[in-house]
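The values are calculated or read from the model by the stated rules, or taken from the named source; none is laboratory data. In this text, all values refer to a predicted model and were calculated from it rather than measured experimentally. Neighbour counts are summed over all protein chains in view; Cβ atoms, including those assigned to glycine, are modelled from backbone coordinates with ideal geometry.
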Amino acid sequence: MTDQEELDKVIKEQERWEETTVPSWLKRHPERKKKFHNISELPIRRLYTPADTKNISYLRDIGFSGEFPFTRGVHATMYRGRLWTMRQFSGFGTAEQTNKRFKYLLKEGETGLSIAFDYPTIMGYDSDDPMSIGEVGRCGVAIASLKDFETLFDGIPLDKVTTSMTINGPAAMLLAMYIAIGDKQGVPYAVLGGTTQNDLLKEFFAQKLCIFPPRPSVKLVTDIVEFCTSNLPRWNPISVSGYHIREAGSNALQELAFTIYDGISYVEAALERGLEVDEFAPRLSFFFASHNDLFEEIAKFRAARRLWARLMKDRFHARKARSMWMRMHVQTSGCTLTANQPLNNIIRVTIQSLAAILGGTQSLHTNSHDEALCLPSEKAVRIALRIQQIIAHESGVPNTIDPVGGSYYVETLTNQLEEKAMDYIDKIDSMGGVYEAIERGFFQKEIADSAYKYQKEIDGNERTLVSVNKYCIEEPECPIELLRVDPAVEEQQISRLEKLRRERNKTKVKQALNKLHDEADKNSNLMPTIIETVKAYATLGEICSVLRGVYGEYKELIVI
Amino acid sequence: MTEKKIRILVAKPGLDSHDRGAKVVARALRDAGMEVIYTGLRQTPEQIVETVLQEDVDVLGLSILSGAHMTHFPKIMNLMKQKDLKDVLVFAGGIIPEEDIEPLQKLGIREIFGPGTPTETVIDFVKKNVQKSR
């Protein structure tokens, strides 16, 4: 029998099954819902068979890990070689407190650092700026200058760890500080490894922590790309982030499509700068959320890898395989955590982590179960890390490559997500690109609509959330101990900053800031000047204020 | 005679950029027939109270997830008092620990909604309580 004959037979048999076996069962046992669909609103069939995957070519669409189109993974042996990096996003209070947390996590088996900065740092305000009142050290660690960064990395050798920094507006300044620490520790540029999120485009419609308007923002992004391409071969200059798009309320498909579109836009900006695609593309990295629907998420990661590889090859004519690699970090989805019965979140995070690992991520952050209530306590973050370690060492999941590859369901979903993401990409292209889409509020509206729809489904009990709209219990008091950031942190931080301002060489600071002002207006790469400015102990607020003066400030486009 | 529409300001004080909840609540209140104004992000207490005054709203909804509520909320409530806006119904939502709820209620914030609150609960709360103060 030929393959075609076999397939025809399967299709025929499936029709028979639908007409006979299924209806007779349904008479007595109706299905739970009239329609099944995932969060991206793709309908889910009762059963997937070879008929669903008949148009998929194994060699063209699935292939082998480490080879184009990388559906099964970017590395040839995936987790049989090295496990993913266990990288917990963390930071709170002062640099001392976070330094202590970093060392604790490394001792407990974490394999990479990831810094959470507080809002003043993220927005480029000094800790004593009026805008910073009440926010210092609350949502992350307060970094006002290189001085704080020195404390943050005290006793942490930069040639032994890689560090990811969730920083966007002031990404260049924080990277400059990291380089300065490396210089002090005597670590060569070639050895410094890590990531700056440095994805400004999604700030305008998802995370909304932007300082400068879109075009100067992307100028700074591209300065970092260019600087890293020639100086920091192990640095990922951008982590193109879908995570915040998802957390802001998008569905998996929108997350996939908008993230890839942002990626396309950064490639275009670097090409415009005169860089060769194969010079910089290998260091572009990505960051996604892992939400509740296990198979939808797995398919999203696989589709993202394949779509990116195809775009890099066909749209940008990359030649190196590495330029087509989509290396990704995944974080379990914060917005799925519930404040009620918080211990249940451990189970949610476990399932979401499994999706990320079955999806072939390079690095993973697992949320702590207390994060709908506060920043993670030491105990909660340890349990979160243990989830990864249990999957890694006990479950057997990492022992073969892409274990769900070939599943009729997963392959079908992977295809659907890729196709529909491509439709979005064509649509944004036809709008004139990313800036136009932001200006029109296109992404903002898409995300707000999905967020509202999701909430309506929960409110209307169409979507069940355990402990939110089903299986609720009276909890007389919170069953877990919560971390509270001491309000005294703000005063401590401000007095440190005052001390720095007294003790540093004021002339040097002034000269550096003046030079920065002059350079910012020109078309040259700002990174070398920013490194000098940071090394002169200019504060983040001073640097950002100079740049605000030159580039202006972004005013939010409000779309409900 | 048709009843006057409830006017409500949804506001985001401080540097916090988590606006998913605020926007969803704003839209739900609008769909429930209220006139909703949303401030956008990063409003100072002064800006928020000024908008309450200028827009002559009946209700103020505050959203904050950054942990800075004990700094911003008391300031807002003080300014409200100074401007004689005691009749405006105030509620809040976000990540607000249990132990902060009572002190905030003492300042005049009538209700604090945590994560997982159905939008219906917020709508009912506004409808029920706004009548008393109008």
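Listing for the model above:
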item	result
Any hit, the stretch A:2-21, residues being under 30 Å from A:Glu457 (Cα atoms) and surrounded by fewer than 14 Cβ atoms within 10 Å (Cβ to Cβ)	yes
B:Ile95 modelled with pLDDT under 95 and not charged (D, E, K, R)	yes
Residues of the stretch A:210-252 that turn out to be over 30 Å from A:Pro157 (Cβ atoms) and not basic (Lys, Arg), as a count	18
A:Tyr79, sole failed condition from (1) under 25 Å from the mean Cα position of the chain (by Cα); (2) closer than 27 Å to A:Ser250 by Cα; (3) surrounded by 13 or more Cβ atoms within 10 Å (Cβ to Cβ)	(2)
Residue satisfying all of: in the stretch A:43-54; within 18 Å of A:Gly406 (Cβ to Cβ) and not basic (Lys, Arg); surrounded by the most Cβ atoms within 10 Å (Cβ to Cβ) among these	A:Thr53
Scope the stretch B:26-35; condition within 16 Å of B:Phe113 (Cβ to Cβ) and within 9 Å of another protein chain (Cβ to nearest Cβ); matching residues	B:Ala26, B:Arg27, B:Ala28
Residue list for the stretch A:424-452, restricted to those being more than 14 Å from chain B (Cβ to nearest Cβ), in contact (Cβ under 8 Å) with a residue 40 or more places away in the chain and among the acidic types (Asp, Glu)	A:Glu439
Filtered residues of the stretch A:332-349 (kept if more than 18 Å from the chain's Cα centre (by Cα), in contact (Cβ under 8 Å) with a residue 12 or more places away in the chain and assigned to a helix (DSSP H, G or I))	A:Asn344, A:Asn345, A:Ile346, A:Arg348
Qualifying residue in the stretch A:365-377 (condition: out of contact with any strand residue (DSSP E or B) (no Cβ under 7 Å at 6 or more places or on another chain), among the charged types (D, E, K, R) and surrounded by fewer than 18 Cβ atoms within 10 Å (Cβ to Cβ))	no
Residue satisfying all of: in the stretch B:72-98; over 17 Å from B:Val10 (Cβ atoms) and in contact with a Lys or Arg (Cβ under 9 Å, 6 or more places away or on another chain); farthest from the other protein chains (Cβ to nearest Cβ) among these	B:Asp87
Candidates A:Thr166, A:Thr229, A:Thr151 - the one that is within 19 Å of the chain's Cα centre (by Cα) and either farther than 25 Å from A:Asp521 by Cα or hydroxyl-bearing (Ser, Thr, Tyr) (or both)	A:Thr166
Helices (runs of 4 or more DSSP H) within the stretch A:74-163 that include 3 or more residues within 14 Å of another protein chain (Cβ to nearest Cβ) and more than 30 Å from A:Leu354 (Cα to Cα)	A:119-123
Residues satisfying the stated conditions in the stretch A:350-393, i.e. in contact (Cβ under 8 Å) with a residue 60 or more places away in the chain, closer than 17 Å to A:Tyr79 by Cα and outside any loop (DSSP other than H, G, I, E, B)	A:Ser353, A:Leu354, A:Ala355, A:Ala356, A:Ile357, A:Leu358, A:Ser363, A:Leu364, A:His365, A:Gln388, A:Gln389, A:Ala392
Selection from the stretch A:206-240 of residues that are within 14 Å of another protein chain (Cβ to nearest Cβ) and over 17 Å from A:Val546 (Cα atoms)	A:Ala206, A:Gln207, A:Lys208, A:Leu209
Residue count, the stretch A:487-500 (criterion: in contact (Cβ under 8 Å) with a residue 24 or more places away in the chain and surrounded by 13 or more Cβ atoms within 10 Å (Cβ to Cβ))	8
Pairs, first without any contact (Cβ under 8 Å) to a residue 12 or more places away in the chain in the stretch A:453-465, second surrounded by 15 or more Cβ atoms within 10 Å (Cβ to Cβ) and in a loop (DSSP other than H, G, I, E, B), C-beta under 6 Å, six or more apart	A:Glu457/A:Arg463; A:Ile458/A:Leu465; A:Ile458/A:Asn469; A:Asp459/B:Pro118; A:Asn461/A:Asn469
Qualifying residue in the stretch A:314-331 (condition: buried (at least 20 other Cβ atoms within 10 Å of the Cβ), of a type in the set (Ser, Thr, Tyr) and assigned to a strand (DSSP E or B))	no
Residues within the stretch B:27-56 that are out of contact with any helix residue (DSSP H, G or I) (no Cβ under 8 Å at 6 or more places or on another chain), among the hydrophobic types (A, V, I, L, M, F, W, C) and closer than 12 Å to B:Val10 by Cα, tallied	1
Some residue of the stretch A:55-64 being out of contact with any Phe, Trp or Tyr (no Cβ under 8 Å at 6 or more places or on another chain), part of a loop (DSSP other than H, G, I, E, B), modelled with pLDDT of 95 or more and surrounded by 13 or more Cβ atoms within 10 Å (Cβ to Cβ)	yes
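A quick yes/no check of all residues on (1) crowded, with 24+ Cβ neighbours inside 10 Å; (2) in a helix (DSSP H, G or I); (3) in contact with a strand residue (DSSP E or B) (Cβ under 7 Å, 6 or more places away or on another chain):
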{"residue": "A:Thr229", "(1), (2), (3)": "no, yes, no"}
{"residue": "A:Val240", "(1), (2), (3)": "yes, no, yes"}
{"residue": "A:Ala281", "(1), (2), (3)": "yes, yes, no"}
{"residue": "A:Phe286", "(1), (2), (3)": "yes, no, yes"}
{"residue": "A:Asn292", "(1), (2), (3)": "no, no, no"}
